[in-house]
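Working notes, beginning with the structure itself.
The values are calculated or read from the model by the stated rules, or taken from the named source; none is laboratory data. Source: prediction; values computed, not measured. Using ideal geometry, Cβ is built from the backbone for each residue, glycine included, and neighbour counts are taken over all protein chains shown.
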Amino acid sequence: MTDLDKEQQIEHLLQTNEEFRLLHDEHHRLAVQVDELSKRRNRSDFEQKELQRLKKEKLRVKDTMGRIMFDDEMNQGSA
C-alpha cells in the first residue's frame, strides 16, 4: 500500500468510522501535549513521568488506529 493509498484510507475512515475519527482526534491531542511537554528544558519528575505516560497513550491509540486500518484493508480485499 502506497502512502497515497494510506492517506485515502485514512480520509475514508475519518468519514465513515466514528471510532477511528475519535481515535484520530485523541492521537492529535496527545501529540500536541507531547510536543509541548517535550519543549520544556527543565522538566520536573512529575512532568517527566507525565511525558512518558502521554507517549505510551499516544502509541496505544496509534496501534488501535492501525488495527482498524488493517481490518478495513482486509474487508476491502474480500469485498
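For the structure I just gave you, tell me whether Thr64 is of a type in the set (Val, Ile, Thr) and within 11 Å of the chain's Cα centre (by Cα).
yes
Regarding the range 64-73, can at least one residue be identified that is at pLDDT 95 or above, of a type outside the set (A, V, I, L, M) and in a loop (DSSP other than H, G, I, E, B)?
No; the residues of the range 64-73 include none that is at pLDDT 95 or above, of a type outside the set (A, V, I, L, M) and in a loop (DSSP other than H, G, I, E, B).
In contact with a Lys or Arg (Cβ under 8 Å, 6 or more places away or on another chain) and not aliphatic (A, V, I, L, M): is that true of Glu73 in this structure? Give the steps one after another, and end with the answer.
Numbers: in contact with a Lys or Arg (Cβ under 8 Å, 6 or more places away or on another chain): no; not aliphatic (A, V, I, L, M): yes.
The answer is no for Glu73.
Would a scan of the range 24-35 turn up a residue that is acidic (Asp, Glu), surrounded by 15 or more Cβ atoms within 10 Å (Cβ to Cβ), closer than 30 Å to Asn75 by Cα and in contact with a helix residue (DSSP H, G or I) (Cβ under 8 Å, 6 or more places away or on another chain)? Working first, answer last.
Within the range 24-35, the first condition is being acidic (Asp, Glu), and the residues that meet it are 25-26, 35.
Checking which are surrounded by 15 or more Cβ atoms within 10 Å (Cβ to Cβ) leaves us with 26.
Applying the additional criterion that residues be closer than 30 Å to Asn75 by Cα yields 26.
Narrowing the set further to residues that are in contact with a helix residue (DSSP H, G or I) (Cβ under 8 Å, 6 or more places away or on another chain) leaves 26.
The answer is yes; a qualifying residue exists.
Could you tell me whether any residue of the range 17-32 is within 19 Å of Lys6 (Cβ to Cβ), over 11 Å from the mean Cα position of the chain (by Cα) and assigned to a helix (DSSP H, G or I)?
yes
In the range 1-11, which residue that is assigned to a helix (DSSP H, G or I) and either surrounded by fewer than 13 Cβ atoms within 10 Å (Cβ to Cβ) or without any contact (Cβ under 8 Å) to a residue 60 or more places away in the chain (or both) is nearest to the chain's Cα centre (by Cα)?
Kept after step one, since they are assigned to a helix (DSSP H, G or I), are these residues of the range 1-11: 3-11.
Within this subset, residues satisfying the condition of being either surrounded by fewer than 13 Cβ atoms within 10 Å (Cβ to Cβ) or without any contact (Cβ under 8 Å) to a residue 60 or more places away in the chain (or both) are 3-8, 10-11.
Details: Asp3: 16, Leu4: 18, Asp5: 18, Lys6: 14, Glu7: 14, Gln8: 16, Ile10: 11, Glu11: 14 Å.
Going through the qualifying residues, I end up with Ile10.
Taking Arg40 and the conditions (1) in contact with a helix residue (DSSP H, G or I) (Cβ under 7 Å, 6 or more places away or on another chain); (2) exposed (fewer than 11 other Cβ atoms within 10 Å of the Cβ), which numbered condition does it fall short on, given that it satisfies the others?
(2)
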